[in-house]
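The values are calculated or read from the model by the stated rules, or taken from the named source; none is laboratory data. Worth saying up front: this structure is predicted, and the values here are computed from it rather than measured. Quick reminder, even Gly has a Cβ in these numbers, built from the backbone with ideal geometry, and neighbours come from all protein chains shown. Only protein heavy atoms, including side chains, enter the accessible area calculation; ligands, DNA and RNA are left aside. Shrake-Rupley method; radii C 1.70, N 1.55, O 1.52, S 1.80 Å.
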Amino acid sequence: MPSTNDWINNPLGVVEEMFGASQNSSDSGWEAKVTEFFRQRLMEKDAHTWVPSLNDVPLHYLKPNSLVKFRCLIQDMFDPEFYMGAYDTVDPSTKAKVLRCGKYKDVTECGVDLDSANMVTSERQTFYCVPIPGESPWVKESYASTCQARVVPSTSYVPSRQKRSYEDDDEDDMDTQPQAQGHAHNAAAEAQGNGDSKRQETEAPSGQKASSPPLDLNFPLPGEKGPACLVKVYADWDSFKLNDTMEVYGILSVSPALSALSDQSDTSSSLILDPAECMETAEELRVHSPPASLVPRLHLIHTQRLAHNNPLLPPAALEDSAASLASTLGEMVSVRAELLAYFTQLLLGDVLAAEYLLLHLISNVYARRDVIPLGKFTLNLSGCPATAGPAYTEQLYCALQQLVPSAYRLSMTLQNMNQLRLVPRKDYVANRLLSGALQLAANTSLYLDETQLEQGQLDPAGVRNITALGNVISWQKVDYDFNYHQMEFPSNINVLIASEGRSLLPSDCHVHLQPQVTPPNMEAYLGSALTAQSSSQLNKFRLYLTMARTLDYSISEEVTKAVEDDFVDMRKDDPQSISADDLHSLLGVARLLCLSLGQSALSTDAWSRAKHIETLRKSRSEPQGCLNGNEP
Amino acid sequence: MSSPMSTPGGKRGRPSNPSTPATSPPAQRRRGQPSSNGDLPLMPTSPPTDMPDPLQDTSLFSSPRRSVLPSEVDMSSPLIGARGTPARQRPDLGSVRKSKQVDLQSEPSAADGAAAAEQPAGQRLVIWGTDVNVATCKEKFQRFLQRFIDPSSKEDENSCLDLNEPLYMQKLEEISIVGDPVLNINCGHVSSFDAELYRQLVCYPQEVIPTFDMAVNELFFERFPDSILEHQIQVRPYNALKTRNMRSLNPEDIDQLITISGMVIRTSQLIPEMQEAFFQCAVCAFSARVEVDRGRIAEPAVCRNCNTTHSLALIHNRSMFSDKQMVKIQESPEDMPAGQTPHTTVVYAHNDLVDKVQPGDRINITGIYRAVPMRVNPRQSNVKSVYKTHIDVIHFRKTDEKRLHGQDDENEQRLFTEARVQTLRELAAKPDVYDRLSSALAPSIYEHEDIKKGILLQLFGGTRKDFSQTGRGNFRAEVNILLCGDPGTSKSQLLQYVFNLVPRGQYTSGKGSSAVGLTAYIMKDPETRQTVLQTGALVLSDNGICCIDEFDKMSDSTRSVLHEVMEQQTLSIAKAGIICQLNARTSILAAANPVESQWNPKKTTIENIQLPHTLLSRFDLIFLMLDPQDEAYDRKLAHHLVSLYYQSEEQLEEENLDMAVLKDFIAYARSYIQPKLSEEAGQALIEAYVEMRKVGSGRGMVSAYPRQLESLIRLAEAHAKVRFSDKVETIDVEEAKRLHREALKQSATDPRTGFVDISILTTGMSATARKRKEEITAALKKMLQSRTKTPVMKFQQLFDDLRGQSETAITKDQFEEALKALCDEDYLTISGKTIRLAT
């Protein structure tokens, strides 16, 4: 660790050293050298764990201008900005000129010589980044526990007694939640000595925040916590896309000068008729240069795209670590059986529904063929026991949240539908993209609780929201509202709809729940099912779900032939029995079935199994559909 | 007064010393030029000692300058002196918004620079920091104005000018008549006339445009010495092909002339910007004028007349202000890479360009790109290292303004590179281009070749013809297509695909759209409280395709607005005091489900989808998408679907024509290919039409109407466009005939007789059905006549009686229709279940 101190605590020193060296020698590749240096350092064993993370260390604990990392989603992209890449400073007393580097910095040194010939203007791009929306608590904790960065609290911060008690209350609330979470929590605490108290302190600032005038940090989901960040990107910004998730390594900049800018406008002499002043509204200024204490700036040095945010797997693409995962692959069949048993218990003994739920959780949009997204598998779980009230669907969500890295439960109450902003909208006054609940990272589980829907009228906003949900389900796209036009952004969201009757939204697959057991006390029943899982068991499940999703898949020539024959035969017997759409969904189910078993090619066994469960499912839903009169 | 001194050039001839570095940061330096001729602005080559301090600075304006370039004197003398036409400030060139004065500390360095600049200036007089020699530049530009002829000009604003005369001289003449002292110059013209001049214009607009101004004014007043203008002519260049896209702006474009396209998203209120402050002494009423310098007014502390200190007060009413407006523009959606958010840019409009654009307008902006450092706070020693950028507008050009007139504006919108055009032409030359393109269309949807071909032709559209002089108005060039068929036959997917393919496509669902949503509605703007017209899907898809899903679920009132759109291609609106007719030259691609959810082959199309025949006859092609139920088909379908599930994306790409190529192909053909009917093709069409008429006449019914002939022509033209051919030939007609017949065979076959019967679509009833109806009515009438003694009878009883009499089965519907027919003849009246004979 001592060796790492320099480049973590004082990365700018490294940058400046290289900049200085490049001035003497004529070769100008110093920028590439800098990124290469940091990339090399981070590649070293465990090196990245020494870098403190903005996700779990409160901002005021972090040293300004040190290297930090941030696991985030690109929520908005601001306009590119021009900055002084290199400039001369003049010492007022000695008149000595020094060439400085402006890269990775927000503020220049004193005495800039604006007319110097050495000044270089460069361009950089700013992204507004937020923590990954809907990230499950277990993910956060697990990441926090692997981070070995030791952060020394600044002396000015003394945790007050009162705050601690507030946190303790919070803790009690959490204890009512399944024990499993507590397990993971304890594990985290053990791994890190003082981890527990530290984590409490991480939440402290959020309490403080409430007292100051609220600044809308523009999180996609309501009730999210954590810092938002302005990430300055210096190269290759075209390769980033909105809603990408990534881990950013960059230099933290929290200079108060950044936020002071907005205050100055009132105080500074009113004689100045700077045209720059009138072109930005107060809102825009607030959004684009918020106080650095709330929205720190991060000057990006290295990024790692996250294909998933499961802490149990290495973040890189799977091929790199194939060897270490080979053993897990072998276990997949047994884990699948255990998981199936667990789901069966959760779904009140319905094996078929449990199987479909499992398939749903490993679905993933893997390709798009012109407008059709392939691989999506929206599941509508109807027949959720309504007598138990919201308890059942809620508990089910809790169980799922413990398994998937990010999830969000949208309770489809009339009020929510009419008032929530689901689709992001461009706010031209503040010049930013107002986030909406559908601005989610890839592979987020969206859990729609339709049992909460009551009679009433949807207003136009509600109708738009329902349409937006429908679009996500059918085309996996969200049309962002840019006022004068709409822009389509592809999404990859796993939508699960829990409803009493058939859902009013479209779905790829509709399973009617047939409970085999009717526990007298639903809550206690589910509670015991949840707590019965040990944390190691849960970890196995988590690993399994993410692994299965990323497997490759192919269909051999022979199987193709068999499937074709099968289809033709079925059509021959009864043309009405199976249509092209049915074949589509059958192929989808077969694919997921194979992946769930850890197989990367379709086998005839899996094909017939897929056919079998599809027949079972259809035989269930048809009479049900007629009864409800909800047939499309 | 000193103010008119501000000829475009004079203003800028200000002691400007190295001030602009602040405004024009080191971009140029990055290009590796030494600072001496880098970006120091147009300071006339004056000795370094002449570096004025702010006080001298102001006085300089009223005092004649000693050490200015000869040309500098030229700038003002002939114009102000001779004619007395006032010059007008050009804040757009940055002459007013003074750039930051250099810091005192840096003065030595600036002086060095100035000294260095003197050497080249000694040999050849150029404006400081550029390679522009004023005299040469002026001369070149005057030559351009006098000589430039563009015989192939297509711009409509030149329409009334003689193309073989020097274009801009005619424009000058126009100015002398109209009195609007603005000369718009197409940079493309400059570039083709004198590439060097064009380069200078783009690189040093701030210096070159005033020179142009001078040149124009000299020329103008020479030629029209007696004309009186409001102010001197200002040159406004446009169409500088430096930059097309906002995204590609980079530091190297700073202080250059650029043209970008975008959409206005916000305009600020008018900002009065003080140009000159007027001070009056409270003691002796002596007045003083002070120029605003970099947003600061140097208030005179001492009255020069009576030497009283602090006696001068600012008189607002007598100060001079200029108009300024902040406009925000955003990238147009077409220019954006997928998955990114649009960029925005701030633009300043000055003087008469203020309020020229409204939010929502698509515009091309020509202006000078600027970057200003973030304001330095006097109390803070360090600066934010970021610049603010904006564009000072010189010229606005709305790209969509002509859409209200009948012109097609697509030609100027899309530009194709030579290489691209070459590939497209190669593709078009291939004999199987038609099949290739149709299979590239929605490759994920299997088969339905003819439907895809139909849609392909729809995407190309016919040739727009104008018959307004002969009184028929415009002929519809757009092809309308209706798809009907069983649910689950991927109709919606086809629609989605088309919607994603065309630049101006709209997608609506019949269930969710109202007449208002399709046409236009009046809204109160929350900010201005004005009523504004918001256009709906049909108007928005002008020149594009409007995809309407679930066409059958649309309410009748909604559907009725389509009548006008689908034939006249316009939309008339009369609401809230706004009466207007909007263009809606849109093709309609609609999808409808049969009423009984499954297609009933025993019924006609009309009966199956229950749409009014008036509407159906406006569709050129009506396709049925049915489940073919055939083994070979099933097998191929299965293979197709299975392959979807394991092919990797690269494989998919290779197999099919790229969607982007298809898009470009269509856009190119639509804008550049306008096929005309050839002689043979005309004959073939006539034959085809006569034949179609003949088929029906044999059975006593009409099987083709002029509308069908028009459809055929459109389809043939579209097919010629696919081949990039300027002539419609017989093969095009053959294909049009085939496709038309295919569609008819599917949709207009009378299920009772098996014949193709166009009257199903045009009158909603097949000829046989009509005949049958007449028979039943006659029989009923006969029966009623036979029993005149009972003038009142029960409905059911009469029905049974009639059925008993007739040898063929009569359905209740038929009976009711017959009754209604008699009722219309005033033969009887129906009230509830009783029927009363009229007496």
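Beta bridges per DSSP, both residues in region A:397-524: antiparallel share near 40 percent.
If you plug the beta carbon distance of B:S557 and B:H613 into 1/(1 + (r/R0)^6) with R0 = 22 Å, you get a FRET efficiency near 0.80. Taking all protein chains as shown and a probe of 1.4 angstrom, B:T730 keeps an accessible surface of around 50 Å². In this simple spin-label model, placing a label point 7 Å from the Cα along the Cα-to-Cβ direction at both B:K833 and B:I579 gives a separation of 5.1 nm. The listed residues B:T614, A:T451, A:T89, once ranked by accessible area (1.4 Å probe) with the largest placed first, stand as B:T614, A:T451, A:T89. Extension gain for A:I466 to A:D574 (0.36 nm times residue separation, less C-alpha to C-alpha distance): 35.3 nm. Proximity of backbone amide H atoms, modeled 1.01 Å from N, is registered between A:I497 and A:L379, A:N380, A:L381, A:L448 at under 5 Å, excluding neighbours fewer than 5 places apart on the same chain.
Going through the cross-link list B:K398/B:K737; A:K97/B:K328; A:K103/B:K328, which pairs have a Cα-Cα distance over 32 Å in this structure? Too far apart for the 32 Å limit: B:K398/B:K737; A:K97/B:K328. Ordered from highest to lowest accessible area with the whole protein assembly present and a 1.4 Å probe, A:I473, B:I149 read as B:I149, A:I473.
Placing a label point 7 Å from the Cα of B:N305 along the Cα-to-Cβ direction, the residues of region B:264-288 whose backbone N falls under 18 Å from that point are B:277-288.
Of the listed residues B:T777, A:T518, the order by accessible area with a 1.4 Å probe, largest first, is A:T518, B:T777.
Placing pseudo-labels 7 Å out from each Cα toward the beta carbon at A:S534 and A:D6 gives an inter-label distance of 4.7 nm.
Distances between placed amide hydrogens fall under 5 Å for A:L434 paired with A:R425, A:K426, A:D427, all partners being 5 or more residues away or on another chain. For the modelled label position 7 Å from the Cα of B:V690 along Cα-to-Cβ, which residues of region B:725-745 have backbone nitrogen atoms closer than 18 Å? Counting only backbone N, you get B:730, B:733-734, B:737. Whole-Hz Karplus values for region A:445-460 come out as 8, 9, 10, 9, 9, 7, 5, 7, 6, 10, 5, x, 10, 8, 7, x Hz, taken residue by residue from phi with 6.51 cos²θ - 1.76 cosθ + 1.60 and θ = phi - 60°; glycine and proline positions read x.
If you plug the beta carbon distance of B:F321 and B:E734 into 1/(1 + (r/R0)^6) with R0 = 45 Å, you get a FRET efficiency near 0.05.
In loop segments of region A:1-91 as defined by DSSP, the trypsin sites (Lys or Arg not before Pro) with at most 14 further C-beta atoms inside 10 Å of their C-beta are A:K45. Pairs with C-alpha atoms separated by more than 23 Å, drawn from the list B:K781/B:K812; A:K140/A:K477; B:K603/B:K771; A:K561/B:K453, are A:K140/A:K477; A:K561/B:K453.
Applying 1/(1 + (r/R0)^6) with r as the Cβ-Cβ distance of B:E252 and B:R199 and R0 = 22 angstrom yields a FRET efficiency of 0.95. Between B:E564 and B:E218, the simple spin-label model (points 7 angstrom out along Cα→Cβ) gives 5.7 nm.
Residues in region A:492-504 carry Karplus couplings, in order, of 9, 10, 7, 9, 10, 10, 9, 9, 7, x, 5, 5, 6 Hz; the curve used is 6.51 cos²θ - 1.76 cosθ + 1.60 with θ = phi - 60°, and Gly or Pro positions show x.
Between A and B, buried accessible area from a 1.4 angstrom probe totals roughly 8300 Å², ignoring ligands, DNA and RNA. Using a probe of 1.4 Å on the protein chains alone, the accessible area found for A:W30 is around 20 Å². Restricting region B:218-248 to GluC sites (Glu not before Pro) that sit in a DSSP loop and have at most 12 other Cβ atoms within 10 Å of their own Cβ leaves B:E230.
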